[in-house]
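Remarks on the structure that follows.
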Amino acid sequence: MPTDANANHRFKALIFDFDGTLIDSAPDLHGAAVRMLVPLGRREPSVAEVALMIGDGVPKLVERCFAATGDIPPEDEFAAHVSAFIKDYEPRSAELTTVFPNAKDALQGLKDEGIKTVICTNKPFGATMEILKKLDLEQYFDGVIGGDTIPGVKKPDPRHLAAGLEAIGADKENAVMVGDNGNDVKAAHALGIPVILLSHGYTKIPVGELGAEIVIDGFTELSGALEKI
């Protein structure tokens, strides 16, 4: 993405979702789900099934895994499974996870132009940082807000995005959200900022029906989308 490609847009800060937007994390989350479920005598869900469970944080993912393969365990047992899932997943979170095509080029273009970037994800902070480091993405971001960074606050709560902007010293008047699902749209619109969605993400509802200002098919279209908003 050439440095001057973004010269005509007004945005000074971009908030990025992570899973399904910048990275295809479904294979590693599927692996962790299988390692949790199979020893309990549960069936092995498909990668496609797990992909549609992503987006609301680990507790909701674990709940959906259990609901799809039988009963949800009692509260104390369930909490233990969530903790075990995180402990197992975090160090293995970048074994099969990949960066979506052209994402690094787009991020480098934003960096070259001095546009601030922050990740706001419902994924735990530790796993997010593990993936950023292993996939050589950490250098492109000025801040990271994970699903456990602010207790009790996750997308679609707009406070999640507000915290991201605060972390990088940016204001919402010149910010845009880049994501892949309904939580991104709801959080951004509640905060009063526009949304660009990637069509390659994880959403049960067709991406064109989520209410984003623009839907793009890949990162080569990002600069053009920013100019159109």
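The values are calculated or read from the model by the stated rules, or taken from the named source; none is laboratory data. On a predicted model such as this, the values are computed, not experimentally measured, just so you know. Positions of Cβ are backbone-derived with ideal geometry, glycine not excepted, and every protein chain shown enters the neighbour counts.
Go through region 143-152 and give me each residue that's buried (at least 17 other Cβ atoms within 10 Å of the Cβ) and either touching an Asp or Glu at 6+ places or on another chain (Cβ under 8 Å) or of a type outside the set (Ser, Thr, Tyr) (or both). Working first, answer last.
Taking region 143-152 and keeping what is buried (at least 17 other Cβ atoms within 10 Å of the Cβ), we get 143-149.
Across region 143-152, the qualifying residues are GLY143, VAL144, ILE145, GLY146, GLY147, ASP148.
For the structure I just gave you, tell me whether ASP105 is in the same structural domain as PRO156 (by TED's automatic domain parsing), surrounded by fewer than 20 Cβ atoms within 10 Å (Cβ to Cβ) and either hydroxyl-bearing (Ser, Thr, Tyr) or modelled with pLDDT of 95 or more (or both). Considered against the rule, which asks whether it is in the same structural domain as PRO156 (by TED's automatic domain parsing), surrounded by fewer than 20 Cβ atoms within 10 Å (Cβ to Cβ) and either hydroxyl-bearing (Ser, Thr, Tyr) or modelled with pLDDT of 95 or more (or both), ASP105 comes out as yes.
Given ALA94, ALA163, which one is touching a residue at least 12 places away in the same chain (Cβ under 8 Å) and either touching a Pro at 6+ places or on another chain (Cβ under 7 Å) or part of a helix (DSSP H, G or I) (or both)?
Numbers: ALA94 fails: either touching a Pro at 6+ places or on another chain (Cβ under 7 Å) or part of a helix (DSSP H, G or I) (or both).
The match here is ALA163.
Kindly evaluate ASP88 against the criterion of being under 23 Å from ASP184 (Cβ atoms) and in contact with a helix residue (DSSP H, G or I) (Cβ under 9 Å, 6 or more places away or on another chain). No; evaluated as a whole, the condition is false for this residue. Have a look at ALA127, ALA106 and point out the one that is closer than 21 Å to ALA187 by Cβ, assigned to a helix (DSSP H, G or I) and either of a type in the set (A, V, I, L, M, F, W, C) or touching an Asp or Glu at 6+ places or on another chain (Cβ under 9 Å) (or both). Testing whether each residue is closer than 21 Å to ALA187 by Cβ, assigned to a helix (DSSP H, G or I) and either of a type in the set (A, V, I, L, M, F, W, C) or touching an Asp or Glu at 6+ places or on another chain (Cβ under 9 Å) (or both) leaves just ALA127. Quick check on CYS120: is it under 21 Å from GLY55 (Cα atoms), surrounded by 17 or more Cβ atoms within 10 Å (Cβ to Cβ) and outside the structural domain of TYR202 (by TED's automatic domain parsing)? It is false that CYS120 is under 21 Å from GLY55 (Cα atoms), surrounded by 17 or more Cβ atoms within 10 Å (Cβ to Cβ) and outside the structural domain of TYR202 (by TED's automatic domain parsing).
Mind checking which residues of region 21-68 are in contact with a Lys or Arg (Cβ under 6 Å, 6 or more places away or on another chain) and either surrounded by 19 or more Cβ atoms within 10 Å (Cβ to Cβ) or of a type in the set (Phe, Trp, Tyr) (or both)? Show your work before the answer.
If we filter region 21-68 for residues that are in contact with a Lys or Arg (Cβ under 6 Å, 6 or more places away or on another chain), which is where we start, we get 52-53, 57.
The answer is MET53, GLY57.
Only one of the numbered conditions (1) touching a residue at least 40 places away in the same chain (Cβ under 8 Å); (2) in the same structural domain as PHE11 (by TED's automatic domain parsing) is not met by LYS133, and that is (1).
If you go through region 182-229 and pick out every residue that is touching a helix residue (DSSP H, G or I) at 6+ places or on another chain (Cβ under 8 Å), polar (S, T, N, Q) and buried (at least 19 other Cβ atoms within 10 Å of the Cβ), you end up with 2.
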